[in-house]
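For reference, the structure discussed in these notes is given below.
The values are calculated or read from the model by the stated rules, or taken from the named source; none is laboratory data. As the structure is a computational prediction, the values presented were derived from the model and not from experiment. For neighbour counting, all protein chains shown are included, and Cβ atoms are generated from backbone atoms with ideal geometry for every residue, glycine included. Side chains included, ligands, DNA and RNA excluded: accessible areas come from the protein's heavy atoms. Shrake-Rupley method; radii C 1.70, N 1.55, O 1.52, S 1.80 Å.
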Amino acid sequence: MPTFAAVTAADTDRVRAALGRSRLGGYLYPGTPGGTAVLFDPPKPRFGRISRSRLLDPAFDLAFELKAPVWVLEDDGRCAGATACFAGGGFRELSWAADWTPPADPAARAAHRAEWDAYCAKTAEKAGLPDPAALAAVRNDPAPDGSRPSGEEVLRRLCAVVGASDTAVGQSLFHRAGPRGRDFVRFEARRR
């Protein structure tokens, strides 16, 4: 199932209070130890399309209000991704292509892995994560039998590393009118 959701390690009460100032409505998944999940309503298109910045704006607003990172999770079956939106501005993106294969040459593979580990270490530091190696271990390398984790599996592992609920993985208000599951609570956009 496609995913477009935001997750944070912040507790539900803090997230609920911050969403009271949101310019976009949606659904909140409350009461989970280990963070909160949010499904934002799709923003209205401008000039016939929705820009990347308009997709990320609600997560940036939430991160600013929480003073904590908010991770936007995306998966369309071909590529899974996570964008860490930081309270002070800025972001870091991680992505996993479904058909990615590591380089066959051992030296090239080692160089690629070192680059990934360094990027994840910087991302973990900026996000305040205690274990950069855990973030770098979220990979979709093929197993010897050729199988590999799905985008949803990768995003669930990421949620565990960042201390967030994985309830919203496989959910998107771009593809459904509402969330699957009755534990989600509707919140409305702040009136302008």
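Sequence neighbours fewer than 8 away in the same chain don't count; with that in mind, list the aspartates and glutamates whose C-alpha is under 15 Å from residue 122.
In chain and number order, the partners are 93, 131.
What is the local net charge at residue 36, summed over the other residues whose Cβ is closer than 14 Å to its Cβ (Lys, Arg +1; Asp, Glu -1)?
Surrounding charge for residue 36 is -3.
Work the Kirkwood hydrodynamic radius out for the chain: mean of 1/r over every pair of different alpha-carbon atoms, inverted, in Å.
17.1
Ordering 152, 188 by how much accessible area each has at a 1.4 Å probe, largest first, what is the list?
In descending accessible area the options line up as 188, 152.
What figure, in Å² to the nearest 10, do you get for the accessible area of residue 67 with a 1.4 Å probe and non-protein molecules left out?
For residue 67, the solvent-accessible surface is approximately 130 Å².
Once you keep just the Cα pairs under 8 angstrom separated by 6 or more residues, what percentage relative contact order results for the chain?
Once divided by the residue count of the chain, the mean separation gives 33 percent.
Between Rg and the Kirkwood Rh of the range 9-63, both from Cα atoms, what is the Rg to Rh ratio?
Rounded to two decimals, Rg/Rh equals 1.02.
For the range 37-57 and the range 134-168, what is the separation of their C-alpha centers, rounded to whole Å?
Measuring centre to centre over Cα atoms gives 25 Å.
How large is log10 I(q)/I(0) at q = 0.15, 0.18 Å⁻¹ when the Debye formula is applied to the Cα atoms of the range 53-99, each weighted equally and without solvent?
-0.38, -0.52
So what is the calculated 222 nm ellipticity per residue for the chain, using -39500 (n - 2.57) for each DSSP H run with n of 4 or more, over all residues, to the nearest 500 deg cm²/dmol?
The helix contribution divided over the chain gives -10000 deg cm²/dmol.
Rounded to the nearest 5, what % of the DSSP beta bridges within the chain are antiparallel ones?
Looking only at bridges with both residues in the chain, the antiparallel portion is about 95 percent.
Could you order 186, 54, 78, 46 so the one with the most accessible surface comes first? Probe is 1.4 Å.
Listed by decreasing accessible area, they come as 78, 46, 186, 54.
Sorted by average packing, counted as other Cβ atoms within 10 angstrom per residue and highest first, what order do 96-108, 8-20 take?
Those peptides, ordered most packed to least, come out 8-20, 96-108.
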